[in-house]
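The values are calculated or read from the model by the stated rules, or taken from the named source; none is laboratory data. Every value quoted in this text rests on a predicted model; they were computed, and no experiment measured them. When we count neighbours, we look across all protein chains shown, and the Cβ atoms used for this are built from the backbone with ideal geometry, even at glycine.
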Ligand code: AHG
Ligand code: MN
Ligand code: MN
Ligand code: MN
(Lines give C-alpha, C1' and ligand atoms only; values in the text may rest on other atoms or scores of the structure.)
(Ligands and ions follow the chains in the order given, each with its own letter.)
Protein backbone atom coordinates (compact mmCIF):
# COMPACT_ATOMS: atom_id res chain seq x y z
CA UNK A 1 0.00 0.00 0.00
CA UNK A 2 1.53 3.39 -0.99
CA UNK A 3 2.30 5.70 1.83
CA UNK A 4 -0.04 8.51 0.73
CA UNK A 5 1.90 11.12 2.60
CA UNK A 6 4.50 10.81 -0.14
CA UNK A 7 2.06 11.10 -3.01
CA UNK A 8 -0.46 13.32 -1.29
CA UNK A 9 1.78 16.15 -0.12
CA UNK A 10 0.23 18.94 1.90
CA UNK A 11 2.25 21.94 0.82
CA UNK A 12 1.87 25.32 2.53
CA UNK A 13 0.25 26.63 -0.65
CA UNK A 14 -2.33 23.79 -0.59
CA UNK A 15 -2.91 24.32 3.16
CA UNK A 16 -3.61 28.02 2.56
CA UNK A 17 -6.02 27.28 -0.32
CA UNK A 18 -7.83 24.60 1.74
CA UNK A 19 -8.18 27.07 4.61
CA UNK A 20 -9.39 29.74 2.17
CA UNK A 21 -12.07 27.35 0.86
CA UNK A 22 -13.48 27.17 4.41
CA UNK A 23 -14.37 30.87 4.08
CA UNK A 24 -16.63 31.26 0.98
CA UNK A 25 -16.34 35.04 1.13
CA UNK A 26 -12.54 34.88 1.06
CA UNK A 27 -11.06 37.00 -1.73
CA UNK A 28 -7.93 34.87 -2.14
CA UNK A 29 -5.79 37.93 -1.39
CA UNK A 30 -4.25 36.31 1.71
CA UNK A 31 -3.27 33.28 -0.38
CA UNK A 32 -1.42 35.51 -2.83
CA UNK A 33 0.16 37.40 0.07
CA UNK A 34 1.41 34.21 1.71
CA UNK A 35 2.78 33.07 -1.62
CA UNK A 36 4.86 36.26 -1.79
CA UNK A 37 6.11 35.62 1.75
CA UNK A 38 7.07 32.05 0.81
CA UNK A 39 9.14 33.39 -2.09
CA UNK A 40 10.91 35.79 0.26
CA UNK A 41 11.64 32.99 2.72
CA UNK A 42 13.04 30.70 0.02
CA UNK A 43 15.30 33.53 -1.19
CA UNK A 44 16.62 34.26 2.31
CA UNK A 45 17.09 30.53 2.95
CA UNK A 46 19.25 30.28 -0.19
CA UNK A 47 21.28 33.35 0.85
CA UNK A 48 21.76 32.14 4.45
CA UNK A 49 22.80 28.69 3.20
CA UNK A 50 25.61 30.15 1.03
CA UNK A 51 26.26 33.40 2.97
CA UNK A 52 29.88 32.65 3.83
CA UNK A 53 30.61 31.43 0.28
CA UNK A 54 29.37 34.56 -1.46
CA UNK A 55 30.66 37.07 1.10
CA UNK A 56 27.16 37.83 2.38
CA UNK A 57 28.26 37.87 6.01
CA UNK A 58 29.44 40.96 7.85
CA UNK A 59 28.22 44.51 8.07
CA UNK A 60 26.49 46.55 5.39
CA UNK A 61 28.20 49.70 6.71
CA UNK A 62 25.14 51.61 7.95
CA UNK A 63 22.81 51.74 10.94
CA UNK A 64 19.06 51.14 10.96
CA UNK A 65 16.43 53.10 12.85
CA UNK A 66 16.99 50.77 15.81
CA UNK A 67 20.57 52.07 16.08
CA UNK A 68 21.86 48.63 15.07
CA UNK A 69 24.69 48.06 12.61
CA UNK A 70 22.88 46.48 9.67
CA UNK A 71 24.24 43.20 8.37
CA UNK A 72 24.46 42.73 4.59
CA UNK A 73 21.78 40.05 4.93
CA UNK A 74 19.50 42.40 6.91
CA UNK A 75 19.49 44.73 3.90
CA UNK A 76 19.25 42.04 1.22
CA UNK A 77 16.44 40.10 2.90
CA UNK A 78 14.55 43.33 3.53
CA UNK A 79 14.74 44.35 -0.14
CA UNK A 80 13.54 40.89 -1.17
CA UNK A 81 10.47 40.93 1.07
CA UNK A 82 9.57 44.52 0.13
CA UNK A 83 9.77 43.68 -3.60
CA UNK A 84 7.91 40.35 -3.28
CA UNK A 85 5.11 41.91 -1.21
CA UNK A 86 4.82 44.89 -3.57
CA UNK A 87 4.67 42.55 -6.58
CA UNK A 88 1.79 40.59 -4.98
CA UNK A 89 -0.42 43.67 -5.41
CA UNK A 90 -2.20 42.70 -2.18
CA UNK A 91 -0.38 44.99 0.27
CA UNK A 92 -1.44 48.54 1.18
CA UNK A 93 1.35 49.19 3.71
CA UNK A 94 4.44 47.46 5.08
CA UNK A 95 6.22 47.94 8.37
CA UNK A 96 9.77 46.55 8.41
CA UNK A 97 12.36 46.56 11.17
CA UNK A 98 14.83 47.80 8.57
CA UNK A 99 12.78 50.79 7.30
CA UNK A 100 12.40 53.84 9.51
CA UNK A 101 9.05 54.84 7.97
CA UNK A 102 6.02 52.83 6.96
CA UNK A 103 6.24 51.72 3.29
CA UNK A 104 2.99 52.94 1.74
CA UNK A 105 1.81 51.68 -1.67
CA UNK A 106 0.28 54.82 -3.19
CA UNK A 107 -3.16 54.33 -4.73
CA UNK A 108 -3.39 50.73 -3.57
CA UNK A 109 -6.90 49.32 -3.15
CA UNK A 110 -5.48 46.40 -1.17
CA UNK A 111 -6.62 45.80 2.39
CA UNK A 112 -3.58 44.35 4.16
CA UNK A 113 -0.63 45.68 6.11
CA UNK A 114 2.30 43.30 6.54
CA UNK A 115 4.66 43.83 9.47
CA UNK A 116 7.94 41.95 9.25
CA UNK A 117 11.40 41.41 10.65
CA UNK A 118 13.19 40.25 7.53
CA UNK A 119 16.16 38.79 9.35
CA UNK A 120 15.75 38.04 13.05
CA UNK A 121 18.80 37.18 15.13
CA UNK A 122 21.14 38.71 12.59
CA UNK A 123 23.92 39.07 15.17
CA UNK A 124 24.17 35.27 14.85
CA UNK A 125 24.51 35.13 11.07
CA UNK A 126 28.33 35.33 10.93
CA UNK A 127 28.56 32.27 13.21
CA UNK A 128 26.10 30.20 11.18
CA UNK A 129 23.64 30.05 14.10
CA UNK A 130 19.87 29.85 13.41
CA UNK A 131 18.25 33.06 12.18
CA UNK A 132 14.74 33.72 10.94
CA UNK A 133 12.05 35.95 9.45
CA UNK A 134 8.96 36.99 11.44
CA UNK A 135 5.75 38.33 9.85
CA UNK A 136 2.26 39.48 10.77
CA UNK A 137 -0.67 40.35 8.49
CA UNK A 138 -3.32 42.88 9.55
CA UNK A 139 -6.47 43.94 7.69
CA UNK A 140 -6.64 47.74 7.60
CA UNK A 141 -9.92 49.47 8.43
CA UNK A 142 -9.23 52.34 6.03
CA UNK A 143 -9.68 50.81 2.53
CA UNK A 144 -10.23 53.93 0.43
CA UNK A 145 -7.46 56.51 0.99
CA UNK A 146 -3.74 55.78 1.06
CA UNK A 147 -2.66 54.26 4.36
CA UNK A 148 -0.77 56.23 6.99
CA UNK A 149 1.52 54.75 9.67
CA UNK A 150 -0.94 55.35 12.50
CA UNK A 151 -3.44 53.00 10.75
CA UNK A 152 -1.36 50.07 12.06
CA UNK A 153 -1.22 51.30 15.69
CA UNK A 154 -3.98 48.86 16.62
CA UNK A 155 -4.53 46.21 19.30
CA UNK A 156 -2.45 43.07 18.76
CA UNK A 157 -5.59 40.94 18.73
CA UNK A 158 -6.39 42.54 15.33
CA UNK A 159 -3.62 40.45 13.76
CA UNK A 160 -5.08 38.02 11.23
CA UNK A 161 -2.09 35.88 10.20
CA UNK A 162 1.19 35.37 12.04
CA UNK A 163 4.21 33.29 11.20
CA UNK A 164 7.92 32.87 11.12
CA UNK A 165 10.50 31.11 9.01
CA UNK A 166 13.53 29.63 10.75
CA UNK A 167 16.74 29.12 8.75
CA UNK A 168 18.52 26.36 10.64
CA UNK A 169 19.57 22.74 10.06
CA UNK A 170 16.33 22.66 8.07
CA UNK A 171 14.11 25.54 6.91
CA UNK A 172 10.77 25.68 8.71
CA UNK A 173 7.74 27.93 8.36
CA UNK A 174 5.36 27.99 11.33
CA UNK A 175 2.09 29.83 10.72
CA UNK A 176 -1.36 30.49 12.11
CA UNK A 177 -3.91 31.57 9.51
CA UNK A 178 -6.14 33.00 12.20
CA UNK A 179 -8.34 29.95 12.73
CA UNK A 180 -6.80 29.16 16.12
CA UNK A 181 -4.38 26.47 15.00
CA UNK A 182 -0.65 26.52 14.31
CA UNK A 183 1.00 24.35 11.66
CA UNK A 184 4.66 23.79 10.78
CA UNK A 185 6.10 23.20 7.32
CA UNK A 186 9.57 22.05 6.30
CA UNK A 187 11.17 23.16 3.04
CA UNK A 188 11.91 20.27 0.68
CA UNK A 189 14.81 21.80 -1.29
CA UNK A 190 14.31 19.34 -4.14
CA UNK A 191 10.69 20.43 -4.64
CA UNK A 192 11.13 24.03 -3.51
CA UNK A 193 7.94 23.55 -1.50
CA UNK A 194 7.18 23.83 2.23
CA UNK A 195 5.66 20.46 3.26
CA UNK A 196 3.37 20.00 6.30
CA UNK A 197 5.50 18.27 8.95
CA UNK A 198 4.08 19.64 12.23
CA UNK A 199 0.26 19.64 11.99
CA UNK A 200 -1.68 21.41 14.76
CA UNK A 201 1.24 22.31 17.08
CA UNK A 202 0.23 22.53 20.77
CA UNK A 203 2.53 24.05 23.41
CA UNK A 204 2.90 21.71 26.43
CA UNK A 205 1.04 23.27 29.38
CA UNK A 206 4.29 23.32 31.35
CA UNK A 207 7.94 22.88 30.34
CA UNK A 208 11.36 22.36 31.90
CA UNK A 209 13.38 25.05 30.08
CA UNK A 210 13.77 28.78 30.62
CA UNK A 211 15.27 31.03 27.97
CA UNK A 212 16.53 34.51 28.89
CA UNK A 213 19.74 36.52 28.49
CA UNK A 214 21.20 36.19 32.00
CA UNK A 215 23.85 38.73 31.00
CA UNK A 216 21.20 41.36 31.76
CA UNK A 217 20.42 40.02 35.26
CA UNK A 218 22.20 42.98 36.91
CA UNK A 219 19.47 45.24 35.43
CA UNK A 220 16.42 43.03 36.11
CA UNK A 221 13.53 44.18 38.28
CA UNK A 222 12.60 42.21 41.42
CA UNK A 223 9.72 40.37 39.76
CA UNK A 224 11.91 39.00 36.94
CA UNK A 225 14.72 38.16 39.33
CA UNK A 226 12.42 36.32 41.77
CA UNK A 227 10.73 34.38 38.96
CA UNK A 228 13.99 33.24 37.32
CA UNK A 229 15.47 32.35 40.74
CA UNK A 230 12.40 30.18 41.42
CA UNK A 231 13.01 28.25 38.18
CA UNK A 232 16.68 27.74 39.04
CA UNK A 233 15.87 26.48 42.54
CA UNK A 234 13.15 24.09 41.38
CA UNK A 235 9.68 25.68 41.56
CA UNK A 236 7.05 24.10 43.85
CA UNK A 237 9.30 21.13 44.63
CA UNK A 238 9.84 20.35 40.94
CA UNK A 239 13.29 19.86 39.44
CA UNK A 240 15.26 23.01 38.53
CA UNK A 241 14.69 24.14 34.92
CA UNK A 242 17.43 23.93 32.27
CA UNK A 243 18.70 27.12 30.63
CA UNK A 244 18.74 27.45 26.84
CA UNK A 245 19.37 30.76 25.03
CA UNK A 246 20.26 31.07 21.35
CA UNK A 247 19.84 34.83 20.95
CA UNK A 248 17.60 34.59 17.89
CA UNK A 249 13.98 35.10 18.97
CA UNK A 250 12.76 32.79 16.20
CA UNK A 251 14.96 29.90 17.39
CA UNK A 252 14.23 30.42 21.11
CA UNK A 253 10.49 30.73 20.48
CA UNK A 254 10.43 27.73 18.10
CA UNK A 255 12.05 25.50 20.75
CA UNK A 256 9.66 26.85 23.40
CA UNK A 257 6.67 26.20 21.10
CA UNK A 258 7.70 22.55 20.55
CA UNK A 259 9.22 21.64 23.94
CA UNK A 260 7.39 24.02 26.31
CA UNK A 261 8.86 26.24 29.01
CA UNK A 262 9.28 30.00 28.85
CA UNK A 263 11.12 32.53 26.67
CA UNK A 264 11.60 36.00 28.12
CA UNK A 265 13.04 39.33 27.12
CA UNK A 266 11.97 41.47 30.10
CA UNK A 267 12.10 45.21 30.56
CA UNK A 268 15.09 46.18 32.68
CA UNK A 269 16.99 49.26 33.88
CA UNK A 270 18.84 49.33 30.51
CA UNK A 271 15.79 48.83 28.27
CA UNK A 272 12.75 50.33 29.98
CA UNK A 273 10.33 48.76 27.45
CA UNK A 274 12.40 45.65 26.76
CA UNK A 275 14.14 45.10 23.42
CA UNK A 276 11.66 43.26 21.22
CA UNK A 277 9.59 45.26 18.74
CA UNK A 278 5.84 44.99 19.14
CA UNK A 279 4.57 45.02 15.56
CA UNK A 280 6.96 42.54 13.95
CA UNK A 281 8.34 40.45 16.82
CA UNK A 282 6.06 40.44 19.90
CA UNK A 283 2.62 40.49 18.22
CA UNK A 284 3.24 37.71 15.64
CA UNK A 285 4.96 35.46 18.18
CA UNK A 286 2.27 36.12 20.81
CA UNK A 287 -0.46 35.20 18.29
CA UNK A 288 1.33 31.95 17.43
CA UNK A 289 1.86 31.07 21.10
CA UNK A 290 -1.79 31.73 22.01
CA UNK A 291 -3.17 29.85 18.99
CA UNK A 292 -0.96 26.89 20.03
CA UNK A 293 -2.42 26.95 23.56
CA UNK A 294 0.36 28.96 25.21
CA UNK A 295 0.38 32.48 26.68
CA UNK A 296 2.26 35.72 26.01
CA UNK A 297 2.48 38.62 28.46
CA UNK A 298 4.62 41.68 29.14
CA UNK A 299 4.91 40.50 32.75
CA UNK A 300 1.72 42.23 33.81
CA UNK A 301 -0.44 42.38 30.66
CA UNK A 302 -1.44 40.18 27.70
CA UNK A 303 0.74 41.23 24.75
CA UNK A 304 -2.14 41.01 22.26
CA UNK A 305 -4.06 43.60 24.34
CA UNK A 306 -1.34 46.20 23.75
CA UNK A 307 -1.63 49.09 21.26
CA UNK A 308 1.84 50.23 20.06
CA UNK A 309 2.61 53.98 20.42
CA UNK A 310 4.78 54.01 17.26
CA UNK A 311 5.67 51.57 14.50
CA UNK A 312 8.99 50.58 16.16
CA UNK A 313 7.63 50.57 19.71
CA UNK A 314 8.89 47.82 22.02
CA UNK A 315 7.48 45.74 24.87
CA UNK A 316 8.72 43.25 27.47
CA UNK A 317 8.05 39.58 26.60
CA UNK A 318 7.34 36.43 28.63
CA UNK A 319 5.84 33.72 26.41
CA UNK A 320 5.48 29.93 26.28
CA UNK A 321 3.69 27.25 28.30
CA UNK A 322 0.49 28.56 29.88
CA UNK A 323 1.32 27.36 33.41
CA UNK A 324 4.86 28.75 33.25
CA UNK A 325 3.63 32.14 32.01
CA UNK A 326 0.99 32.14 34.78
CA UNK A 327 3.80 31.69 37.33
CA UNK A 328 5.64 34.67 35.83
CA UNK A 329 2.42 36.73 36.05
CA UNK A 330 2.08 35.75 39.73
CA UNK A 331 5.62 36.91 40.38
CA UNK A 332 4.79 40.30 38.89
CA UNK A 333 1.62 40.54 40.96
CA UNK A 334 3.49 39.82 44.18
CA UNK A 335 6.39 42.16 43.35
CA UNK A 336 4.53 45.09 41.80
P1 LIG B 1 17.06 41.30 15.23
O2 LIG B 1 18.24 40.49 14.84
O3 LIG B 1 15.90 41.19 14.27
O4 LIG B 1 17.43 42.76 15.50
O5 LIG B 1 16.47 40.71 16.57
C6 LIG B 1 17.34 40.37 17.59
C7 LIG B 1 16.56 40.14 18.85
C8 LIG B 1 15.95 38.74 18.94
O9 LIG B 1 16.18 37.97 17.81
C10 LIG B 1 16.62 38.11 20.13
O11 LIG B 1 15.69 37.44 20.95
C12 LIG B 1 17.24 39.28 20.86
O13 LIG B 1 17.48 40.29 19.90
C14 LIG B 1 18.54 38.91 21.49
O15 LIG B 1 18.99 40.07 22.15
P16 LIG B 1 20.28 39.97 23.11
O17 LIG B 1 21.44 39.69 22.19
O18 LIG B 1 20.33 41.33 23.76
O19 LIG B 1 20.02 38.86 24.09
MN1 MN C 1 17.99 44.04 14.02
MN1 MN D 1 14.29 40.41 15.42
MN1 MN E 1 15.89 41.75 12.31
Here the residues within the range 112-129 that are modelled with pLDDT under 95 and either at positive phi or part of a loop (DSSP other than H, G, I, E, B) (or both) are 128, 129
Within the range 130-153, which residues are away from ligand 4 (no atom under 16 Å from the Cβ) and touching a residue at least 60 places away in the same chain (Cβ under 8 Å)?
-> 137, 149, 152, 153
Could we say that residue 9 is more than 17 Å from residue 134 (Cα to Cα), in contact (Cβ under 8 Å) with a residue 60 or more places away in the chain, surrounded by 13 or more Cβ atoms within 10 Å (Cβ to Cβ) and touching a strand residue (DSSP E or B) at 6+ places or on another chain (Cβ under 8 Å) here?
-> yes
Filter the range 130-144 down to the residues that are under 29 Å from residue 27 (Cβ atoms) and not in a loop (DSSP other than H, G, I, E, B), then identify the one that is nearest to ligand 3 (Cβ to nearest atom).
-> 134
If you scan the range 188-224, which residues turn out to be within 21 Å of residue 269 (Cβ to Cβ), in contact (Cβ under 8 Å) with a residue 60 or more places away in the chain and assigned to a loop (DSSP other than H, G, I, E, B)?
-> 221
Test for residue 68: is it within 16 Å of ligand 4 (Cβ to nearest atom) and either on the phi > 0 side of the Ramachandran plot or surrounded by fewer than 23 Cβ atoms within 10 Å (Cβ to Cβ) (or both) | yes
Kindly establish whether residue 272 is more than 11 Å from ligand 1 (Cβ to nearest atom) and within 20 Å of residue 123 (Cα to Cα).
-> no
Do we have any residue at all in the range 231-249 that's within 30 Å of residue 78 (Cβ to Cβ), touching a residue at least 60 places away in the same chain (Cβ under 8 Å) and either crowded, with 24+ Cβ neighbours inside 10 Å or within 13 Å of the chain's Cα centre (by Cα) (or both)?
-> yes
Those residues that are touching a residue at least 24 places away in the same chain (Cβ under 8 Å) and over 27 Å from residue 273 (Cα atoms), I need them from the range 57-71; list them, please.
-> 57, 58
Assess whether residue 17 counts as being free of Cβ contacts under 8 Å to residues at least 24 places away in the same chain, part of a helix (DSSP H, G or I) and away from ligand 2 (no atom under 16 Å from the Cβ).
-> yes
Regarding residue 152, is this residue surrounded by 14 or more Cβ atoms within 10 Å (Cβ to Cβ) and within 16 Å of the chain's Cα centre (by Cα)?
-> no
Search the range 244-263 for residues being touching a helix residue (DSSP H, G or I) at 6+ places or on another chain (Cβ under 7 Å) and under 14 Å from residue 214 (Cβ atoms), and hand back the single one that is nearest to ligand 1 (Cβ to nearest atom).
-> 247
Criterion: away from ligand 4 (no atom under 14 Å from the Cβ), within 30 Å of residue 244 (Cβ to Cβ) and more than 19 Å from the chain's Cα centre (by Cα) - qualifying residue of 127, 110, 87 | 127
Unmet requirement for residue 60, which otherwise passes all of (1) in contact with a helix residue (DSSP H, G or I) (Cβ under 6 Å, 6 or more places away or on another chain); (2) more than 16 Å from ligand 1 (Cβ to nearest atom); (3) not in a loop (DSSP other than H, G, I, E, B) = (2)
Return yes when residue 75 is within 16 Å of ligand 3 (Cβ to nearest atom), in a helix (DSSP H, G or I) and free of Cβ contacts under 8 Å to residues at least 40 places away in the same chain and no when it is not.
-> yes
